[in-house]
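Accompanying notes for the structure given below.
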Amino acid sequence: MKSNNVKISIIIVHYNVERELMFCISSILESKLRQSYEIIVVDNDEEPRIEYKLKEKFKEVRYVKSPKNLGFGGGNNLGASHAQGEFLFFLNPDTLVKKNAIGRLVAFLETHEKVGIVAPIFLDSEQRIYPSQGSEELTPLSAVFALSFINKIIPSNPISERYFLLNWDKKGPRKVGNVPGTAFLIRKNLFERIGKFDENFFLYFEEFDLCKRIRKLGYDLFVLPSSRIVHFWGRSTNKSSLNIKEIFSKSKFYYFKKHYGIFSAVVVQFITGLSKLHLFLTLAIVFSAFLRFYKLQELMPFIGDQGWFYLSARDMLLTGTFPLVGIPSSHPWIHQGPLWTYMLAIVLWIGNFNPVMGSYLTAFLGVVTVWFVYKIGLLLFSQRVGIISALLYSASPLATIGSRMAYHTNPIPLFTILFIWSVLKWTKGNAIYFAMAVFFLGVLYNLELATAVLWLILGLIGGFGVWRKKIWARQLFTKRIICFSLVAFILPMIPVFIYDLEHGFPQTLKFAAWGGYRILGFLGFINTGTSYAEKSSEMIQFFVNQYKLLIFYQNGFVAFFIFILSAVWVVKTIYLNIVKNKLQTGSTILLLWTIVPIIIFFVNKTPSDAYMPILFPAIILLTASSFELLMYKKILKVLVVIIISIILLMNSNTLLSNNFFSAPTFKERLLAAKKIVDQTAGKKYAIVGEGPGSEFESFTMNYEYLTWWLGHSPSKDSIGLTVVVKESKNEILVKLLKNNLYD
């Protein structure tokens, strides 16, 4: 019904819900509203698609096309500017108006002068009343409890119950702090007096802001149960291509900043932004930080090979000469790269050469790696896999021990993840990430030569892309990407290239030839003098021990069960990829990341701890994916949570009760170094090793650094005073040798 003297202007902002809008308008017409009214539809769609249908089906409806998507508040303001009515009824299009619903709202406002807004009660599609109808005032305190993970964990907490008005019987009118923006009635002169909707809210929280401003003028807000409207929740937002979560977050921040200040807004934003999964991620990061930094000054490992890097970093800082290579590998003619020396030199300079600074660096990188394990799990699979991976990695004995040790292999897991992340981004269509992947390969090669195996993974993925004529593979063959990739590889490799030019290319060409020699020997084309069958048992035992230490060191049976579960996941993935021809990018990359290095390490037939760090994140992700495979029923979810909890508790207990397997500890080695300084009493001396490991040149280099740091370093001269150091798990023996006799 419509007359020249309009009582009610019904304003509907439409966005992407044409079907629901038509039903909504029909329900208004069928509600038999006795007062004079007009219906104004504001079209927020980018493309005008409903104008013709509206004019054809509902001639009485006034159609207003917005110049762009103005959002909820902006669209309603535009509709209000065209309204002629004494009352404005703002209504969502995904609603159905019941008989006399609007008329009862008008009657209530007309008889209650101090009521600024009145809203109906809302029903779901089954005609049931929604539990929450209106709310109390939205304050920082109520937001922290009602809009965060706290409400999900403890839904019956008194602050949430009071805020959501859950104890209201919904039989009579109820004064509230806020009414839902879905449908409410307000006098037009009051709406204009308060300045309409704040259009800084694109969507969400604009009604909270409006209600707050009305309350400040001394008006009350009510919900009227005798007025009923059916609401099909979220029909418009569910179809939207907009980033609804981001819009919600921005509006929430703006609301609290506007009314409570920037500090409150930041606090509320942080707490309400945390989900239960984010809480677990925070737990994983905090837990990992505790395990990696706990008693680091006393218990950090400090072996002779670490001393090599410390001496190299010290000399670099004192002389200003940058080393071009790192420590010799197991094949003395080839060295590791110098990158770790550079990284170590920075923190030693900051910490005045304190040796613990190196472990602070790797411990920090270890905590950062936990976060990146979560991110790569999220990118490859899901948030759940990311969270499980982060939790497992946080308490992994092998990963934790490595993070507490200032050594060149310990940043490898982090940079391996960054490499895989770059590969994944590249395969999703951005070729510049290929150059980033090449850069991280150069960094990894500098840290440990064994990481060269990752080049094979990059080659296999690239070869597959070229074979299948993928766009992301074809994008590589442009001058821009080729140039970027060359620069990305050269930058971290500059010191190595300079060294090669001066020494006959042992780090690149000879290393590549040596790798080819190993592969040909494995295939039987060259007699290497060693049977691979003889080494198989040793290699298998090595990997079993490393797997247990990485996943669950305390019990071989549990570790074996987890391994079998992971094997099932691998078989399933291969079956889907090959037999079912369902190529899954995430699982395929993880398979290559796991299987290719293991095969190459068996080809190399050398069981070495240095080869394992590139596999740490891969095996953890494989385990987490396997656990997710079980979580298809609620009872199995509970079982997996229990298993993960047991793993975390027992792994952390193993680390703490065994002093992180650091025997001898740094404290013990420092005391031994002080003893050397005291016994030599300012005289020139040399340090020699005795016992297991003393055959290596680097055996006493940690003591060389410590005695230098304490103020009396050994001499390189040929002298008669010699200090003999012998280490065991239980003690460090330091003896002074004069004229070839123990003193």
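Worth pointing out:
- Residues (within 30 Å of the chain's Cα centre (by Cα) and open to solvent by 10 Å² or more (accessible area, probe 1.4 Å)) located in region 147-158: Leu147, Phe149, Ile150, Asn151, Lys152, Ile153, Ile154, Pro155, Asn157
- Selection within region 164-215 - open to solvent by less than 10 Å² (accessible area, probe 1.4 Å) and polar (S, T, N, Q): Asn178
- Scoring Leu622 on the criteria (1) assigned to a loop (DSSP other than H, G, I, E, B); (2) within 38 Å of the chain's Cα centre (by Cα); (3) surrounded by 14 or more Cβ atoms within 10 Å (Cβ to Cβ) leaves a single failure, condition (1).
- Matching residues, region 420-447, being surrounded by 18 or more Cβ atoms within 10 Å (Cβ to Cβ) and in a loop (DSSP other than H, G, I, E, B): Ala431
- Residue within region 56-78 that is open to solvent by 10 Å² or more (accessible area, probe 1.4 Å), of a type outside the set (D, E, K, R), in contact with an Asp or Glu (Cβ under 6 Å, 6 or more places away or on another chain) and under 12 Å from Glu38 (Cα atoms) present: yes
- Any hit, region 115-138, residues being surrounded by fewer than 20 Cβ atoms within 10 Å (Cβ to Cβ), in a helix (DSSP H, G or I), touching a residue at least 24 places away in the same chain (Cβ under 8 Å) and among the aromatic types (Phe, Trp, Tyr): no
The rows are residues; the columns are (1) at pLDDT 70 or above; (2) touching a Leu at 6+ places or on another chain (Cβ under 7 Å); (3) buried (at least 18 other Cβ atoms within 10 Å of the Cβ).
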{"position": "Asn527", "(1), (2), (3)": "no, no, no"}
{"position": "Lys535", "(1), (2), (3)": "no, no, no"}
{"position": "Phe563", "(1), (2), (3)": "yes, no, yes"}
{"position": "Leu576", "(1), (2), (3)": "yes, no, no"}
{"position": "Lys580", "(1), (2), (3)": "no, no, no"}
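- Ile159 vs. criteria in contact (Cβ under 8 Å) with a residue 60 or more places away in the chain, outside any loop (DSSP other than H, G, I, E, B) and of a type in the set (A, V, I, L, M): no
- Residue within region 21-41 that is more than 24 Å from Asn5 (Cα to Cα) and either open to solvent by 10 Å² or more (accessible area, probe 1.4 Å) or at pLDDT 95 or above (or both) present: yes
- For region 250-303, the helices (runs of 4 or more DSSP H) that sit wholly inside it and include 2 or more residues that are within 29 Å of Asn653 (Cβ to Cβ) are 276-293, 296-299.
- For region 321-361, taking the residues that are small (Gly, Ala, Ser) and more than 31 Å from the chain's Cα centre (by Cα), the one that is least open to solvent (accessible area, probe 1.4 Å) is identified as Gly326.
- Scoring Val368 on the criteria (1) in a helix (DSSP H, G or I); (2) open to solvent by 20 Å² or more (accessible area, probe 1.4 Å); (3) closer than 30 Å to Leu501 by Cα leaves a single failure, condition (3).
- All conditions in (1) surrounded by fewer than 21 Cβ atoms within 10 Å (Cβ to Cβ); (2) under 20 Å from Ser148 (Cα atoms) hold for Ser251, with the sole exception of (1).
- Qualifying residue in region 394-402 (condition: within 17 Å of Leu615 (Cβ to Cβ) and β-branched (Val, Ile, Thr)): yes
- From the list Tyr433, Tyr374, the lone residue that is in contact with a Lys or Arg (Cβ under 6 Å, 6 or more places away or on another chain) and over 30 Å from Met701 (Cα atoms) is Tyr433.
- Phe696 meets the conditions (1) open to solvent by 80 Å² or more (accessible area, probe 1.4 Å); (2) out of contact with any Leu (no Cβ under 8 Å at 6 or more places or on another chain); (3) more than 27 Å from Leu317 (Cα to Cα) in every case but one. The failed one is (3).
- Residues satisfying the stated conditions in region 448-485, i.e. in contact (Cβ under 8 Å) with a residue 60 or more places away in the chain and open to solvent by less than 60 Å² (accessible area, probe 1.4 Å): Glu448, Leu449, Ala450, Thr451, Ala452, Val453, Leu454, Ile457, Ile461
A quick yes/no check of all residues on (1) without any contact (Cβ under 8 Å) to a residue 24 or more places away in the chain; (2) among the hydroxyl-bearing types (Ser, Thr, Tyr):
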{"residue": "Ile589", "(1), (2)": "no, no"}
{"residue": "Thr594", "(1), (2)": "no, yes"}
{"residue": "Pro607", "(1), (2)": "no, no"}
{"residue": "Ala610", "(1), (2)": "no, no"}
{"residue": "Tyr632", "(1), (2)": "yes, yes"}
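- Listed here are the helices (runs of 4 or more DSSP H) enclosed by region 626-717 that have at least 3 residues being modelled with pLDDT of 90 or more and among the small types (Gly, Ala, Ser): 634-657.
- Residue in region 97-113 that is assigned to a loop (DSSP other than H, G, I, E, B), open to solvent by 70 Å² or more (accessible area, probe 1.4 Å), closer than 28 Å to Leu217 by Cβ and without any contact (Cβ under 8 Å) to a residue 24 or more places away in the chain present: yes
- Test result for Phe90, in a strand (DSSP E or B) and either among the acidic types (Asp, Glu) or within 43 Å of the chain's Cα centre (by Cα) (or both): yes
- Residue that is modelled with the lowest pLDDT [pool: residues in region 499-519 that are open to solvent by 70 Å² or more (accessible area, probe 1.4 Å) and either in contact with a strand residue (DSSP E or B) (Cβ under 8 Å, 6 or more places away or on another chain) or over 23 Å from Ala437 (Cβ atoms) (or both)]: Tyr517
- Positions within region 327-363 being without any contact (Cβ under 8 Å) to a residue 60 or more places away in the chain, in contact with a helix residue (DSSP H, G or I) (Cβ under 7 Å, 6 or more places away or on another chain) and among the aliphatic types (A, V, I, L, M), in sequence order: Ala345, Val347, Leu348, Ile350, Met357, Leu361
- Yes/no for Glu668 being surrounded by fewer than 17 Cβ atoms within 10 Å (Cβ to Cβ) and within 30 Å of Pro714 (Cα to Cα): no
The values are calculated or read from the model by the stated rules, or taken from the named source; none is laboratory data. Only a predicted model underlies this, so the values are computations on that prediction, with no experimental measurement involved. FYI the Cβ positions are ideal-geometry reconstructions off the backbone, even for glycines, and counts take in every protein chain you see. The area values use the complete protein model at the heavy-atom level, side chains included, leaving out ligands, DNA and RNA. Shrake-Rupley method; radii C 1.70, N 1.55, O 1.52, S 1.80 Å.
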